[in-house]
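Laboratory data are not the source of any read-out in this text; all were calculated from the coordinates shown. This one's a predicted model, so the numbers in the text were calculated from it and none came from an experiment. Because the Cβ atoms are built from the backbone with ideal geometry, glycine has one as well, and the counts that use them run over all protein chains shown.
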Amino acid sequence: MELGWLEDFLALRELESFTAAADRRNISQSAFSRRIQSLEDWLGVTLIDRSVRPHRFTPVAAENYGDFQRILNQLYELRSQVRGEQSRASRLRVAIQHSLAFSIFPRFVETLRQQGYQPAYQLSCANRSDCMEMMMRGEVDLMICYEMHPSPEPIIPTTAVRVASARDDMILVGPPTLIPEKQQVLPLLTYPQRSFFGDVIWEKTMPQLMEYYRCEIICLSSLSGALREMMLAGLGFAWLPRSLVLSDLAQGRVVQLDPETIFQPLRVAIYCCPQDSSGLTAIALSHLQSVNLQALIEQQTECL
């Protein structure tokens, strides 16, 4: 049985005309009639009463029209589902922190493309703790995240392993027109304390910063991209990963405040679970061996 036969019957039932239904199905009327007969033969019942003019639907055809429609819809849904599952199986699933999705990931993909490795990607952008949970539940193949530098042990106490890492820095940047003198007001765009970046900033660098400036918090946000946009709009100085503002710094749109003393080292790390890896992940890992992650972090590209 062909799905097209069901579509033919449903078109005929809707239009109640062999000529109109054949036109809609873009086939000749004789071919259309043969296809309806093929459906009847497969079902073992008569759907069209051809003993009268114009032809009429038999009671079984009229009574089961809704079932024919429902079965066709279910078959199409099933086809979409299995195709989707096959497609998902061929994607490299990556959990990544939001800021890294903007700064590092495009460079990461392009580097792999230059090596001739061009998989489809399923990118899940989330905060650091959610990325870790996705990794531990086996929902992703790779995780790209920030961690403290130096960090002697992997951050995930499971079978996940760190397969690559490189240095980045959390720095304080803003428009050149807003540079304050020491002990003056510093308009600040930063992270809430109950977040990874917030913990880094408030525990490590904010006490030192407040010795030099009178910090006035303009906005708290967990999203580095949002802080960057507000900083570029002239609302204040923002704590941001250096990799996210390399082009801004190079083009002179922003400056780093006290670059010799006010910064916090970070590390970008890539994790996977080798024993749970699919063939696709294994191929990706083989290519990762030749990726210079530090060079990707220091590469100047437009972000956002």
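Brief remarks follow.
- By the count of neighbouring beta-carbon atoms within 10 Å, fewest first, Ser103, Ser222, Ser129 end up ordered Ser129, Ser222, Ser103.
- Where labels lie 7 Å past Cα in the beta-carbon direction, separation of Glu133 and Arg34 in nm: 5.9
- Mean Cα-pair separation over length for the range 169-266, i.e. relative contact order, pairs under 8 Å, 6 or more apart, %: 49
- Put in line by how crowded their Cβ is, counting other Cβ atoms within 10 Å and starting with the fewest, Val200, Val173, Val185 read Val185, Val200, Val173.
- Cut-off under 5 Å, modelled amide H: who pairs with Phe237 long-range: Leu188, Leu189
- The calculated FRET efficiency for Glu16 paired with Arg79, based on their beta-carbon distance and R0 = 25 Å, is about 0.30.
- The mean sequence separation of alpha-carbon pairs under 8 Å and at least six residues apart, normalised by the residue count of the chain, gives a relative contact order of 21 percent.
- Correct choice for Cα Rg over 2.2 N^0.38 Å that was computed from the model, options [x] 1.57; [y] 1.24; [z] 1.17: [x]
- Förster-model FRET efficiency, 41 Å R0, Val45 and Arg113, C-beta, rounded to 0.05: 0.15
- Rg and Dmax over the alpha-carbon atoms of the range 3-87 stand at 14.2, 50 Å.
- Taking Trp5, Trp42, Trp239 and counting other C-beta atoms within 10 Å, the order from fewest to most: Trp42, Trp5, Trp239
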